[in-house]
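Below is one structure, written out as structure tokens; comments come after it.
The values are calculated or read from the model by the stated rules, or taken from the named source; none is laboratory data. What you see is a predicted model; the values in this text were computed from it and never measured. Every residue, glycine among them, receives a Cβ derived from its backbone with ideal geometry; neighbour counts consider all protein chains shown. Calculation scope for accessible area: heavy atoms of the full protein, side chains included, ligands and nucleic acids excluded. Shrake-Rupley method; radii C 1.70, N 1.55, O 1.52, S 1.80 Å.
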Amino acid sequence: MRILVTGSRSFTDYATIRAALAEAVADQPGPHTLVHGEARGADRLAAIAAKKLGWIVEAHPADWA
């Protein structure tokens, strides 16, 4: 399963992100992939949580140029 996380750059609640990711795949067979934009806040917290859960983590940082 692939899950995209986007959110506020000021988001700091790691426990909520981790719980949401774990719940989203509770009954789903792996592997699981987190897709995120590499921004601070929700994106990076989700990446940390996903790595700890053993997921594949796929970052797509913005190309402002």
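Side notes on the structure shown:
- Taking the criterion of being in a helix (DSSP H, G or I) and under 21 Å from Ser10 (Cβ atoms), the residues of the stretch 28-65 that qualify are Ala42, Asp43, Arg44, Leu45, Ala46, Ala47, Ile48, Ala49, Ala50.
- Residue count for the stretch 25-58, restricted to those that are open to solvent by 50 Å² or more (accessible area, probe 1.4 Å) and at negative phi: 14
- Flag for Thr33 being over 10 Å from the mean Cα position of the chain (by Cα) and among the β-branched types (Val, Ile, Thr): no
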